[in-house]
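Please read the structure below before turning to the comments.
Read-outs: derived from the displayed coordinates by stated rules, not from any lab. None of these values were measured; they are calculated from a predicted model. So basically every Cβ, Gly included, is an ideal-geometry build from the backbone, and we count neighbours across all protein chains shown.
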Amino acid sequence: MYVYDTYDKTLINQRVAEFRGQVARRVNGELTEDQFKPLRLLNGLYLQLHAYMLRVCIPYGVLSSHQMRKLAHVARRYDKGYGHFTTRQNIQFNWSKLEETPDILYELAEVDLHAIQTSGNVIRNTTSDHFAGVSNDEVEDPRPYCEIIRQWSTLHPEFSFLPRKFKIAVTGSEHDRAAVKFHDIGLRLKKGANGNIGFEVLVGGGQGRTPVVAITIRNFLPKQQLLSYLEAILRVYNRHGRRDNIYKARIKILVRDLGGCEFAKQVEDEWRHARKTNANVSFEEEERIRAFFVPPPYHAIETPVVSFQKACSEDVSFRNWVLTNTYDHKIPGYAIVTISLKPHGGIPGDMADDQMDIVADLAQAYSFGEIRVTHKQNLVLAHIRQEDLFVLWQKLVEHGMGTANVGLATDIIACPGLDYCGLATARSIPIAQRISERFNDRDRLNDIGKISINISGCINACGHHHAGNIGILGVDKRGNEAYQITLGGRSDEHAAIGQIVGPGFSEERVVDAVENVVEAYIENREGKETFIETFDRTGLDPFKEKLYGTL
């Protein structure tokens, strides 16, 4: 992983000192809340329903054991003993005291963590594939390019006051695990006709009030030209993006209004100028950054690991966990492990301080001290020897983190909703917990198979409900919480926006409605079809009939 240099450290420490003075002025009454608001947002501090929430940046979702231990300490010392991992691969602390936030940021800076550009109309944390560098279906590791984007975009003077927040995602695989088509800019590494590696550039994706799947504006961009092309896109957006209407300010609206062809033409015209500004990274600098992402010292194991195979055959619980929570590694004898932060009946994405410490220890012992955060609110240990899997699983189970449900019905994405967020119109967490409890049966989970259920507590779609096979949107209906269901969404390389089924359901009926949707799938599937395959074949009708009666 990248190690901050003196420039990074100086920047972060200066920002902490500056913010400490701003907080002191707010506490002393020298600043009103309106005056303080833009200053705190520059440092990732939100005012929620009950307290301040601090959002900490985890660049492209990569943490060291040392950093995870510091997050555990912050949760224990300054919060209520837990943190919440988000769909942007960040972590949020929901109970921060204003006067203590500079101390939190100071302690985070000690381990190269910060909250810069986790809020505001700026380029937010660049996200990536949580299997980057270790999956066997990868063209190239996208993390060095994420780091290049991070350094280029941090406090960029031209793009510090964009029309609206801006999100970039990068993947190196044909199978998209980074949801690049739902980002303002999505980048996919690919091989060109001559064998050189470059980027497919997608623009204009997003969720919220107007969900849109991004369009490709360039099929192949030489990777050496990445930054100049990003500058060209952002300049066109900065020039034309709406600043008079927050609901029409995202780049997806600009692409829609101009039309994809015209937007692409303007970007290409701007790019011809941008390339002359020498915005691109030199070969030497690219290689310097790439050196931070060299593979760890693996010990390749060509022969099957007998102890691992024996444990799988003898322990059905371990075998279930291996089937759902591990993924093939590019190095023989190793596995990629996903740690589910979705225990049955638990709060999606929440993690206790002692669990953070345990994961830090496990990463140190078994995964070269590295932890990944996924955009699906889970964690990944990316470098586990197969011979260590059984012991690792036992330790995870011992500490409440051995749930074998990744990709199944209880692996739910959910935003904090009305329990915390001042923008929310309905609760997400209790609905997620009740769905998890309803489907808490291993045989039933196996029978249902791969499925995604995503829940948002308002139209802003922080729970990515548009991209769920089953999406649930909480709304306020004449003072009562109601839940609208969408079906058919997905965030992979075949990204699609879920279709609204019909009238919403009350809080009391929404879990039954989800169960009816699942039953409709089981009744209509053919062979080994997944939920999304059945839906794509049948369309809405059998699901609507199950939910609302005869059409």
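Toward the positive end of the charge dipole of the chain, with +1 on the Cβ of Lys and Arg and -1 on the Cβ of Asp and Glu, the farthest Cα among LEU392, MET68, THR127 is that of THR127.
Fully extending the segment from ARG243 to LYS9 would add 80.9 nm, taking 0.36 nm per residue of separation and subtracting the current Cα-Cα distance. Across the range 319-361, the residues whose backbone nitrogen lies under 18 Å from the label position 7 Å along the beta-carbon direction of VAL391 are 333-337, 358-361.
In plain terms, the chain from GLU398 to HIS66 could stretch by 117.3 nm, reckoned as 0.36 nm per residue minus the Cα-Cα distance. Candidates SER428, LEU54, VAL267 compared by Cα position along the dipole of the chain: farthest toward the positive end lies VAL267, with charges placed on Cβ. Comparing Cα centroids, the range 486-551 and the range 341-413 end up 30 angstrom apart. Descending by average beta-carbon neighbour count within 10 Å, the peptides 313-319, 354-360, 336-342, 43-49 line up as 336-342, 354-360, 43-49, 313-319, the highest first.
Unpaired cysteine residues in the chain (no second Cys Cβ under 4.7 Å): CYS57, CYS146, CYS261, CYS312, CYS421, CYS458. How big is the dipole moment of the chain about its Cα centre under a simple scheme where the beta carbon of each Lys and Arg is +1, that of each Asp and Glu is -1, and everything else is neutral? Debye, nearest 20, please. The dipole magnitude comes to about 1560 debye. Whole angstrom only: what separates the Cα centroid of the range 154-176 from the Cα centroid of the range 315-331? The distance from the Cα centre of the range 154-176 to that of the range 315-331 comes to 34 Å. Just so you know, the Rg over Rh for the chain is 0.95, from Cα atoms, with Rh as the Kirkwood radius. Candidates GLY498, SER452, THR530 compared by Cα position along the dipole of the range 445-538: farthest toward the positive end lies GLY498, with charges placed on Cβ.
Basic side chains Lys and Arg get +1 at the Cβ, acidic Asp and Glu get -1 at the Cβ, and with that the dipole of the range 413-548 about its Cα centre reaches some 240 debye. Centroid-to-centroid, using Cα positions, the range 439-475 and the range 64-115 are 28 Å apart.
Each label was represented as a point 7 Å from its Cα along the Cα-to-Cβ direction; for ASP354 and LYS477 these points are 4.2 nm apart. Taking K and R as +1 and D and E as -1, what net charge do the other residues with C-beta under 12 Å from the C-beta of LEU487 add up to? Overall, the nearby charge balance is +1. Approximating the spin labels as points 7 Å out from Cα along Cα→Cβ, the LYS37-to-HIS494 distance works out to 4.4 nm. Its Cα centre serving as origin, the range 7-54 has a Cβ charge dipole (Lys and Arg +1, Asp and Glu -1) of approximately 100 debye.
Length gained on full extension, LEU323 to ALA24, computed as 0.36 nm times the residue gap minus the Cα-Cα distance: 102.4 nm.
In this simple spin-label approximation, ALA17 and SER506 carry label points 7 Å from Cα along the Cα→Cβ vector, and these lie 6.0 nm apart.
In the chain, the DSSP-assigned H stretches of four residues or longer account for a calculated mean residue ellipticity at 222 nm of -11000 deg cm²/dmol, using -39500 (n - 2.57) per stretch and the full residue count as denominator.
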